[in-house]
Amino acid sequence: MKLNNFKKKRICIIGLGYVGLPLALEFSKYFKVLGVDIDKSKIKTFKKKYKENMNFQFETKIERKFNPDVYIITVPTPLNNQKKPDLSFLINSTISVCENIKLGDLIIYESTVYPGTTEEVLIPLIIKKTKMVYNKDFFVGYSPERINPGDKKNRLPNIKKVISGGNLKTLNFVKKLYGKIIKAGTHSAPTIKVAEASKILENVQRDINISLMNEAALIFDKLKIDISEVLRAASTKWNFLNFKPGLVGGHCISVDPYYLKYRSEKAGYQPAVISSGRNVNEKMALYVVNKTLKSFSNKKINICVLGVTYKENCSDIRNSQVLKILNILERKKINYNFIDPHVSKKKLPKNLSKKYKKNFSSKYDALIFAVPHKEFLKKKKYIIKNLLKKKSVIFDVKDQFNFKNLNKNIKLIKL
Ligand SMILES: NC(=O)c1ccc[n+]([C@@H]2O[C@H](COP(=O)([O-])OP(=O)(O)OC[C@H]3O[C@@H](n4cnc5c(N)ncnc54)[C@H](O)[C@@H]3O)[C@@H](O)[C@H]2O)c1
């Protein structure tokens, strides 16, 4: 059986989140696209929002009538409570494809996974469910996503995309397909495992580099050395890498090292650097709280935390280390509020939402600038003037606010 004719391709994208929706919108410029998501409210919203787009159709399950010949899977790959890979979303979406697949169809996975997931878990599942023959009756590709939500410059069409396929014909087909939408070009990995490993290594590398800076921050704090000045000096060397200390959260960087660790341990190797980097990054929320509290002689203070998302200018709170900061404040019975114009109260965990403030109102002993959202950067002067008590503390967690000429009663701290 051959891969079905390129021109006629009808694409079904499963999982319309941060990755799937932009991908579906881009493909819908060239192909008929069916977007599938189990989240009914998302589908309802998208049906309204994109009703003018004649190439784009939305459903909560795969429509047999649509008759797709390419399936692209962009579902979450989180961790379970033992910090092990939770492949249930990938498995469930693969099963739903198996119920609809026909001879000659192609399935492309885009979710971030440990190397081997596609060939060791997903392809055997498809074979078992459909009794079809891999690389003869059905075809599989893997192409990791690199988009960066909130980033206006690096958008899907101008980010080079790594692609792979189960055989050369599939790879060429995948190349042609993504070539339509990715103007920056594609990189053909020789195997699916290489493509899977490349994505996970990109994210592990970032986690480790930040963890090294975090560890340096912890050391220099003890030595009473200002790390931002250390970085300014060190970065004048041509090959010093430009990483800063910070909170590492989100659905990717704080999760993917555990995926690689899991597969590595299964293969008999206990990763040392990856694990210790993770441990350091996991400690930083507590460090932010302790460093803030150390500036006061008693616990009778009130704190406002600005921003709770895992990074600036997006609404994603998954694995946000700022939520961890709030939980620590809660546990320590510190009086606090938090504010985030990107997050609606109903999306927040119940135990924290009562401390959510929509607008700035009170005065505080300490302001923790946790996320440099553009709204906070714009209102910086107003915030300092109106929200701080006479003797107070500002924590610029990401060192992005460039606070200068502060009143001498205001103590500025950084990581
Ligand atoms: N968010 C990012 O910046 C980013 C970047 C690169 C790679 N990734 C990877 O891409 C994958 C998707 O991430 P995301 O951030 O888009 O996730 P997301 O949670 O924003 O979106 C996933 C969507 O899949 C839906 N879904 C779950 N199970 C389904 C099923 N069985 N059938 C249909 N829909 C289903 C969910 O309802 C959700 O809307 C993950 O593996 C992630 O690691 C994410």
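Each value in this text was obtained by applying a stated rule to the coordinates, not by laboratory testing. Owing to the predicted nature of the structure, the values given are computational and were not obtained by experimental measurement. Positions of Cβ are generated from backbone atoms using ideal geometry, with glycine treated the same way; all protein chains shown enter the neighbour counts.
Observations, loosely collected:
- Amide H contacts under 5 Å for Val393, placed H, 5+ residues apart: Ala366, Leu367, Lys411
- The slack between Ser344 and Glu265, meaning 0.36 nm per residue of separation minus the straight C-alpha distance, is 24.5 nm.
- Sites Phe403 and Lys136, calculated FRET efficiency, Cβ-Cβ separation with R0 56 Å, nearest 0.05: 0.30
- Computed [θ] at 222 nm, deg cm²/dmol, the chain (DSSP H ≥ 4; -39,500 (n - 2.57); rounded to nearest 500): -11000 deg cm²/dmol
- Among the listed pairs Lys294/Lys350; Lys244/Lys291; Lys40/Lys153; Lys152/Lys183; Lys102/Lys128, a Cα-Cα separation exceeding 20 Å is found for Lys294/Lys350; Lys40/Lys153.
- On Cα atoms only, tilt of 168-179 relative to the major axis of the chain in degrees: 60 degrees
- Close amide H contacts of Tyr142 (hydrogens built in the peptide plane, cut-off under 5 Å, sequence separation of 5 or more or a different chain): Tyr109, Ser164, Gly165.
- FRET efficiency for Ile410 and Arg232, using Cβ-Cβ distance with R0 set to 22 Å, rounded to 0.05: 0.50
- Between Thr60 and Lys357, residue separation times 0.36 nm minus the direct Cα-Cα distance comes to 103.5 nm.
- Counted by neighbouring Cβ atoms within 10 Å, the residues Thr170, Thr60, Thr118 run from fewest to most as Thr60, Thr170, Thr118.
- Candidate cross-link partners of Lys44 among the lysines, defined by an alpha-carbon separation under 16 Å and a same-chain spacing of 8 or more, comprise Lys61.
- Legend: calculated FRET efficiency, Glu120 to Ser188, from the Cβ-Cβ distance at R0 = 22 Å, rounded to 0.05, equals 0.50.
- Rounded to the nearest Hz, the phi-derived 3J(HN,Hα) couplings of segment 316-327 under the Karplus curve 6.51 cos²θ - 1.76 cosθ + 1.60 (θ = phi - 60°) are 7, 10, 4, 6, 5, 6, 5, 4, 5, 4, 5, 5, where x marks glycine and proline.
- By average C-beta atoms within 10 angstrom, highest first, the peptides 333-344, 373-384, 146-157: 333-344, 373-384, 146-157
- Net charge in the neighbourhood of Lys42 (other residues with Cβ under 14 Å of its Cβ; Lys, Arg +1, Asp, Glu -1) is +4.
- In this structure the amide hydrogen of Gly104, modeled in the peptide plane, comes within under 5 Å of the amide hydrogens of Phe138, none closer than 5 places in sequence on its chain.
- C-alpha long axis of helix 40-49 to longest principal axis of the chain, angle in °: 80 degrees
- Label-point separation, Lys83 to Ser41 (7 Å along Cα→Cβ), nm: 3.1 nm
- Segment 6-190: antiparallel DSSP beta bridges as a percent of all, rounded to 5: 10 percent
- GNM remark for the chain: springs join alpha carbons under 10 Å apart, and the peak mean-square fluctuation among Leu90, Leu329, Leu260 falls on Leu329.
- With a threshold of 32 Å on the Cα-Cα distance, the over-threshold entries among Lys29/Lys84; Lys47/Lys346; Lys51/Lys175 are Lys29/Lys84.
- Most fluctuating residue given options Asn351, Asn319, Asn203, as computed from a GNM of the chain linking Cα atoms under 10 Å: Asn351
- Extension gain, Asn172 to Asn67: 0.36 nm times the residue separation minus the Cα-Cα distance gives 35.6 nm.
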